[in-house]
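Structure record follows, encoded as C-alpha cells.
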Amino acid sequence: MPILEPGEHQIAYTLQGPATAPVLVLSNSLGTTLSMWDAQADALARGFRVLRYDTRGHGRSAAGEHPQQGYTLAQLGGDVLRLLDALAIERAHFCGISMGGLTGLWLGVHAGHRLHKLVVANSAACIGAAPAWRERAALVLASGMDQVADGAAARWFTPGWAAGAPQAVGQLISELRATAPAAYAGCCLALAQADLRDAICGIAAPTLLVAGDSDPVTPLADAVFMAERIAGAQLVTLPASHLSNIEAASTFTEALQAFLGA
C-alpha cells in the first residue's frame, strides 16, 4: 500500500483501475478502513481510477500530534485535497459514507471546483448530537475500544443481515477494535463540532444522496433534509442500515454506476 509523506502526516491509499480513467475517491466511515470499499472498488475499477485512502488515524494513516485533543472537519477534508495534489489529480468524483460523507459535504462547500460529482452515503450535514460524540470520545480514551466495538454491529447492520454474514461483520468489528482510541476520539470530536446545515445550500456539484431505510445513525430524514437544500440533488434509499455499501453492496454499486455514468 503506498504511503503519502511517511511520518506524522502520512496517508495510506490505494489506486486501481485504468490510468487514464476518471478518478473516483472513496472515503471510509468512522472506525473502518479503506477495505470497507472492496466490493465497490473491484466493480468500479473497470471504468474508473479508484482512489481509496484511510482517514487520518485509521488503518495505516498517521494520527498526527495529540489526536485526543480533536480533529476538525477542515483537517479531514484537507487530507483529501493534499492527496489529490500529491497525485496530480485536478478534479475527481467523490463518494464518502457516514464520516466520509460529511467530509464530502465539506469538500462540496469549500472545494467544489475539485469535484466532478459528489456521493454522500448514510450521512448528514450534522451527524448526531455534540454531547454524545464528546461522551464517546471520553469513553474510548478512558476505557479503550471494546465497549464501542461490542455495540457496533447493531448500529451498522440490520440484525438479519448481520446474522447471515458473521465473517464480514467480524472483520469490520476487528478493525474497529484495533483503531487507536486517541485517533477515534479525535474523529468523534471532529463530528461533535461539524455542522454544515446552513452551508450545504452552496454545493454546486451534482450530488447523489444514499440513505438506508433502517439506518439508526443517520436516518432517512437526514438525507431528505440535505436533498431539500442541495440544488438538484438525487436521493436513493436502500434496504440497509448504516453501512449500506456493505449490506446492500450490489445495489449500492449499481446506484453509483448509474449516477456517475459508468
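Between Arg82, Arg56, the distinction of being in contact (Cβ under 8 Å) with a residue 40 or more places away in the chain, open to solvent by 10 Å² or more (accessible area, probe 1.4 Å), over 23 Å from Arg134 (Cβ atoms) and of a type outside the set (S, T, N, Q) belongs to Arg82 only. In region 204-222, is there at least one residue being over 14 Å from Ser123 (Cα atoms), of a type in the set (A, V, I, L, M, F, W, C) and touching a Gly at 6+ places or on another chain (Cβ under 7 Å)? For region 204-222, residues over 14 Å from Ser123 (Cα atoms), of a type in the set (A, V, I, L, M, F, W, C) and touching a Gly at 6+ places or on another chain (Cβ under 7 Å): present. For region 176-205, the set of residues classified as farther than 17 Å from Glu135 by Cβ and either open to solvent by 60 Å² or more (accessible area, probe 1.4 Å) or not in a loop (DSSP other than H, G, I, E, B) (or both) consists of Leu176, Arg177, Ala178, Ala183, Asp195, Arg197, Asp198, Ile200, Cys201, Gly202, Ala204, listed by residue number.
For (1) of a type outside the set (Ser, Thr, Tyr); (2) buried (at least 18 other Cβ atoms within 10 Å of the Cβ); (3) in a strand (DSSP E or B), each residue gets a yes or a no:
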{"position": "Val25", "(1), (2), (3)": "yes, yes, yes"}
{"position": "Ser29", "(1), (2), (3)": "no, yes, no"}
{"position": "Met36", "(1), (2), (3)": "yes, yes, no"}
{"position": "Gly96", "(1), (2), (3)": "yes, yes, yes"}
{"position": "Gly104", "(1), (2), (3)": "yes, yes, no"}
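Taken over region 38-53, the criterion of being open to solvent by 10 Å² or more (accessible area, probe 1.4 Å), under 23 Å from Glu90 (Cα atoms) and either of a type in the set (A, V, I, L, M) or in a helix (DSSP H, G or I) (or both) is satisfied by Ala45 alone.
Only one of the numbered conditions (1) under 18 Å from the mean Cα position of the chain (by Cα); (2) closer than 21 Å to Arg114 by Cα; (3) among the charged types (D, E, K, R) is not met by Asp195, and that is (2).
For the structure I just gave you, tell me whether Asp150 is at pLDDT 95 or above, over 25 Å from Gly112 (Cα atoms) and open to solvent by 60 Å² or more (accessible area, probe 1.4 Å). When the stated conditions are applied, Asp150 passes them. Scanning region 210-249 for residues that are part of a strand (DSSP E or B) and not polar (S, T, N, Q), we see that the one that is most open to solvent (accessible area, probe 1.4 Å) is Leu235. Taken as a whole, the condition of being within 21 Å of Gln16 (Cα to Cα) and touching a helix residue (DSSP H, G or I) at 6+ places or on another chain (Cβ under 9 Å) applies to His58. Close contacts from region 148-177, counting a first residue that is in contact (Cβ under 8 Å) with a residue 40 or more places away in the chain and a second that is assigned to a loop (DSSP other than H, G, I, E, B) and hydrophobic (A, V, I, L, M, F, W, C), with Cβ to Cβ under 6 Å and a gap of 6+ residues or different chains, come to Arg155/Val217; Trp156/Leu243.
The values are calculated or read from the model by the stated rules, or taken from the named source; none is laboratory data. Computed from a prediction, not measured in an experiment: that's the story for all the values here. Neighbour counts run over all protein chains shown; Cβ positions are idealised from the backbone, glycine included. For the accessible areas, the whole protein counts, side chains as well, though only heavy atoms, and no ligand, DNA or RNA atoms are used. Shrake-Rupley method; radii C 1.70, N 1.55, O 1.52, S 1.80 Å.
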